[in-house]
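Every read-out reported here was derived from the displayed coordinates using simple, explicitly stated rules and does not represent laboratory data. Remember, predicted model here, so these are calculated numbers, not experimental data. Note that we place each Cβ from the backbone using ideal geometry, even for glycine, and neighbour counts take in every protein chain shown.
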Amino acid sequence: MKVILQENVEGLGYLGDVLTVADGYARNYLLPRKKAVFAEARQVKLLQHLKRQIDQKAKKELDALGDIGKQMSNVSLSFEVQTGKDDKLFGSVTSKDIAEQLAAQGMTVDRRKIQLDHPLKELGTFPVPIKLHRDVVAKIQVTLVKQAGEEPVAEEPVASEEAPVESTETA
């Protein structure tokens, strides 16, 4: 018996597949549970029409995301961070920080779509990919710079204001 699957069935097929299955399996399991319908000519045409609509909608969404990706590729973010000795950062810049700064510029991005392998912990410029769709990845530039007015940390002098203490031991 030929049927069209209405949902994914593990071990059998995926939504929209036209399959030939045993009559008993179709009558006793697939059809009563609305997991499939008979593969009549009318149903096949309806399925093809629905697939065309879904493909057109997906293409429009992909084009829109492509445009957004191009706009995002022109974005450059700059973070002023506190640094210590040898320009080591206090803390790091994470995907959450990047998402917040993008939101401040009017671009809402879920932080889980920002593809940072590890938090940024050094000064410099880094390309950061943002996965908008499985086929659309935008790369933004993230720059970490020292906080303005920050002076390098100086070590305290060893000498003190008191007079040096001399040793009175005799050898």
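Excluding residues fewer than 8 places away in the same chain, name every one of the lysines whose C-alpha is closer than 22 Å to that of K59. Within the straight-line cut-off, K59 pairs with K45, K51, K70, K113, K131, K139. May I ask for the net charge around P129, where only other residues with Cβ less than 15 Å from the Cβ of P129 are counted and Lys, Arg are +1 while Asp, Glu are -1? Around P129, the surrounding residues sum to +4. D by Stokes-Einstein for the stretch 2-67, Kirkwood Rh over Cα pairs, 4 °C, 1.567 mPa s: 99 µm²/s. The distance between label points at D17 and H118 comes to 4.2 nm (points 7 Å beyond Cα on the Cα→Cβ vector). Note down the net charge around L5, summing +1 for each Lys or Arg and -1 for each Asp or Glu among other residues with Cβ under 9 Å from its Cβ. Here the count lands on -1.
Considering all different alpha carbon pairs of the chain, the Kirkwood hydrodynamic radius works out to 22.2 Å.
3J(HN,Hα) along the stretch 65-73, derived from phi through the Karplus expression 6.51 cos²θ - 1.76 cosθ + 1.60 where θ = phi - 60°, amounts to 5, x, 5, 4, x, 5, 5, 5, 5 Hz, with x in place of Gly and Pro. A simple rule links phi to the HN-Hα coupling: the Karplus curve 6.51 cos²θ - 1.76 cosθ + 1.60 with θ = phi - 60°, which for the stretch 2-8 gives 8, 9, 10, 6, 9, 7, 5 Hz, with x for Gly and Pro. Our note on the geometry: Cα centres of the stretch 1-31 and the stretch 85-116, 47 Å apart. Report summary: the helix-based calculation at 222 nm, which adds -39500 (n - 2.57) for every DSSP H run with n ≥ 4 and divides by the residues of the chain, gives -8500 deg cm²/dmol. In the stretch 69-146, Rg over Rh equals 0.98, where Rg is the alpha-carbon radius of gyration and Rh the Kirkwood radius from pairwise Cα distances. Packing around the peptides 82-93, 133-144, taken as the average count of other Cβ atoms within 10 Å per residue, puts them in this order, highest first: 133-144, 82-93. Counting charges near K139 (Lys, Arg +1; Asp, Glu -1) among other residues having Cβ under 13 Å from its Cβ returns a value of +3.
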